[in-house]
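Student: The structure is given below, and queries will be raised subsequently.
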Amino acid sequence: MLDLTGKKAFVTGIANDLSIAWGIAQQLHQAGAEIGVNYLPDEKGRFEKKVRELVEPLNPTVFVPCNVQDDAQVDAVFETIKEKWGKLDILVHCLAFASKEDLSGDFSSTSRAGFTTALEISTYSLTRLASAAKPLMSEGGSIVTLTYLGGVKVIPNYNVMGVAKSALEMSVRYLASELGSNNIRVNAISAGPIRTLASSAVGGIRKMIRHVEEVAPLRRTVTQTEVGNAAAFLCSDLASGITGQVLYVDAGYEIMGM
Ligand code: NAD
């Protein structure tokens, strides 16, 4: 049985009720985990208010600001987790960013700044968070990140985010190899296209979803809840033998050649 009772789970990347991270947090909570979340701080505090109201039904016992570009904020997150929980069992990395102009048009036009920002936020942050989580996962743990097929195959307009996801998937393997001796498992879920705040910045996202609905074996794309269920599985003891893997939760689209 999938049971996360007694597990402490920190979920990053909730922006609103369409966020994949929200689907994951709900499924982890339903399986019995105690939940902590972050919000991306902004000057007007809009994300904080929105995320606070949204997650209230999950009774989060950790609720902290974190912009992953700021080392002090990342360190403060894990200090808070140490104080409140004393340990961490589950870390969900569910965040990414690239500027809108780098998510359409020619890949060769990607600016140095756009490339650096996309890889810093979308890729390096996994390693930074995993490093900070490691000492708190003294009883072992599970780290899950979110990737997309565009990190393996060319998807129109995905551009620099494809490069970021490719590096993210390789980071999963290096982290899994290193952290395995601490009984910390590291895996990725490659989700099918879902309408969210982040995906709406990718040029032609509606067309991508329609294409998947026509071609995928299940003739549809996936939901945040389905991704959440897969994440709950990967974070549970049912997946105790699985690490370093990319699990496709995409209605089967990835297997199709034509
Ligand atoms: P989303 O917009 O709901 O989530 C993206 C999150 O990233 C937001 O919560 C945002 O606050 C956070 N973020 C951005 N910059 C940040 C920073 N500097 N510090 C901390 N947080 C920051 O969109 P989503 O689609 O749910 O994206 C979640 C993850 O799923 C991403 O890694 C995305 O690439 C991946 N993914 C999405 C799809 C899809 O079709 N939506 C498919 C496969 C993978």
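The values are calculated or read from the model by the stated rules, or taken from the named source; none is laboratory data. Quick caveat: nothing in here was measured; it's all calculated off a predicted structure. All Cβ positions, even for glycine, are placed from backbone atoms using ideal geometry, and neighbour counts span all protein chains on display. Each accessible area value is taken on the protein alone, full model and side chains, heavy atoms only, with ligands, DNA and RNA left out. Shrake-Rupley method; radii C 1.70, N 1.55, O 1.52, S 1.80 Å.
Student: Hand me the list of strands (runs of 3 or more DSSP E) wholly inside region 1-91 holding 2 or more residues that are closer than 24 Å to residue 222 by Cβ.
Tutor: Those strands (runs of 3 or more DSSP E) span 8-11, 34-39.
Student: Here are the criteria: (1) within 14 Å of the ligand (Cβ to nearest atom); (2) surrounded by fewer than 22 Cβ atoms within 10 Å (Cβ to Cβ); (3) at pLDDT 95 or above. Tell me which single one residue 12 does not satisfy.
Tutor: (2)
Student: Do any residues in region 217-228 that are of a type in the set (Lys, Arg) have Cβ atoms under 8 Å from those of residues that are open to solvent by less than 20 Å² (accessible area, probe 1.4 Å) and at pLDDT 95 or above, where the two are at least six apart or on different chains, and which pairs are they?
Tutor: Filtered contacts from region 217-228: 219/251; 220/212; 220/251.
Student: Which of the following residues is within 24 Å of residue 80 (Cβ to Cβ) and open to solvent by less than 80 Å² (accessible area, probe 1.4 Å): 110, 117, 127?
Tutor: 127
Student: Output the residue which, of all residues in region 121-143 that are more than 11 Å from the ligand (Cβ to nearest atom) and not small (Gly, Ala, Ser), is nearest to residue 187 (Cα to Cα).
Tutor: 143
Student: Please go through region 196-216 and give me each residue that is in contact with a helix residue (DSSP H, G or I) (Cβ under 7 Å, 6 or more places away or on another chain) and either of a type outside the set (Val, Ile, Thr) or closer than 19 Å to residue 252 by Cβ (or both), ordered by number.
Tutor: Result: 199, 201, 203, 212, 215, 216.
Student: Say whether the condition of being in contact with a Phe, Trp or Tyr (Cβ under 6 Å, 6 or more places away or on another chain) and either loosely packed, with under 15 Cβ neighbours inside 10 Å or under 30 Å from residue 238 (Cβ atoms) (or both) is met by at least one residue in region 54-77.
Tutor: No, region 54-77 contains no residue that is in contact with a Phe, Trp or Tyr (Cβ under 6 Å, 6 or more places away or on another chain) and either loosely packed, with under 15 Cβ neighbours inside 10 Å or under 30 Å from residue 238 (Cβ atoms) (or both).
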